[in-house]
Amino acid sequence: MKIIEVIADVSYQDIITTIADQHEVRDCWLGPKGEDGRRMIRLILGDGKRQEMLDALQGAVGNSPTAKIVVLGAEAVLPRAENNGDSNSKIEKSGVTTREELYNNIEKNARLNSTYLILVVLSTIVVSIGLLEDNVAVVIGAMVIAPLLGPNIALALATALGDSKLIWKSLKTGAVGFVVALTLSILVGKLWHLNFDSQELLARTDVGLDSVALALASGAAAVLSLSTGLPSVLVGVMVAVALLPPTATMGLMLGAGKIKLAMGAGLLLAVNVVSVNLSAKVTFLAKGIKPRTGLEKQKARQSLTTYILFWVVTLLILMVAIYLRHRTQP
């Protein structure tokens with residue numbers, strides 16, 4: 001259940017209330033007219049038709065420079081609505097979370113700022129200590145921070161929406177985070193003696209086809225958790241397909257001069273990145289996450305084919321590399 005506030009010129013009042021009637025909102029009430037000629041209209045709407053409602057409202061008032069649409073959460077609405085199998089009780093194809101809410105939640109994780117860089121540095125230090133000390137609890141703690149996962153999910157959403165600005169922002173943030181984590185872990189590898197008895201460390205130098213299946217499933221689970229409003233599931237995804245441990249392992253091995261082991265960690269990292277992006281994109285597509293306007297849809301379709309084809313071909317190459325690596329190992 002959400003509260004949608006529409007602040008627009010009073011001339012839009014009739015069309016907004018008509019849209020509200022068409023989408024069977026639970027309640028609708030009008031605020032007083034302001035001195036600027038605008039009026040606030042509040043609507044209470046269930047999850048079922050929220051995306052359709054927002055699309056209709058944007059189509060109606062989107063050209064007005066003074067109009068605003070605000071979506072607010074409603075913790076509870078009393079009396080409770082009866083679930084009689086009406087259209088409001090059905091969950092739409094795009095999920096409980098609307099396109100706009102999803103974008104707002106995911107875009108924040110693609111911002112390159114001081115907080116993101118500090119999280120990368122701190123989580124790299126934590127995971128490096130956990131790997132060197134063979135402490136699984138410490139490694140999991142670093143996984144939960146998961147600063148490198150956000151930009152990858154944002155990249156998948158950006159291509160689903162054809163948002164070139166978010167695509168480049170996600171790529172830049174992800175690349176900078178990777179370089180910072182790798183550089184710091186290389187430095188740690190040069191300064192500290194590596195514990196080659198650490199199972200946590202050695203586990204990140206080996207990759208199999210099961211790693212591909214795990215990363216594909218985890219990427220899909222990440223998108224489902226975000227699009228259905230179940231963020232607690234995302235914690236499990238962060239642990240299952242963490243990108244930071246293989247990055248740190250690769251850096252530690254490079255710092256210690258163990259190139260072959262570093263290549264194994266790099267292969268695991270590549271598999272995780274490619275699989276997460278591919279499965280996230282396919283899940284966004286299956287959930288019906290797409291732009292609102294025709295021009296944006298056309299741009300999204302153009303990027304869709306290129307994006308999926310690139311990741312599929314890359315994943316196939318990586319799977320061949322995994323096969324050849326295992327075949328040549330003694």
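The values are calculated or read from the model by the stated rules, or taken from the named source; none is laboratory data. Since the model is a prediction, treat every value here as computed from it, not as a measurement. Cβ sites come from the backbone with ideal geometry, for glycine too, and all protein chains shown count toward neighbours.
Are any of the residues in the stretch 281-290 out of contact with any Pro (no Cβ under 9 Å at 6 or more places or on another chain), part of a helix (DSSP H, G or I) and without any contact (Cβ under 8 Å) to a residue 40 or more places away in the chain?
Yes, there is a match, as at least one residue in the stretch 281-290 is out of contact with any Pro (no Cβ under 9 Å at 6 or more places or on another chain), part of a helix (DSSP H, G or I) and without any contact (Cβ under 8 Å) to a residue 40 or more places away in the chain.
Determine whether the stretch 13-31 contains at least one residue that is over 21 Å from R99 (Cβ atoms) and of a type in the set (K, R).
yes
Quick one: in the stretch 63-88, of everything that is surrounded by 13 or more Cβ atoms within 10 Å (Cβ to Cβ) and in a loop (DSSP other than H, G, I, E, B), which residue is modelled with the lowest pLDDT?
Only one residue tops the list, namely A81.
Condition first: surrounded by 14 or more Cβ atoms within 10 Å (Cβ to Cβ) and part of a helix (DSSP H, G or I). Now tell me which residues in the stretch 184-207 satisfy that.
The answer is L184, S185, I186, L187, V188, G189, E200, L201, L202, A203.
Against the conditions (1) acidic (D, E); (2) outside any helix (DSSP H, G or I); (3) without any contact (Cβ under 8 Å) to a residue 12 or more places away in the chain, where does D210 fall short? Just the number, please.
Condition not satisfied by D210: (2).
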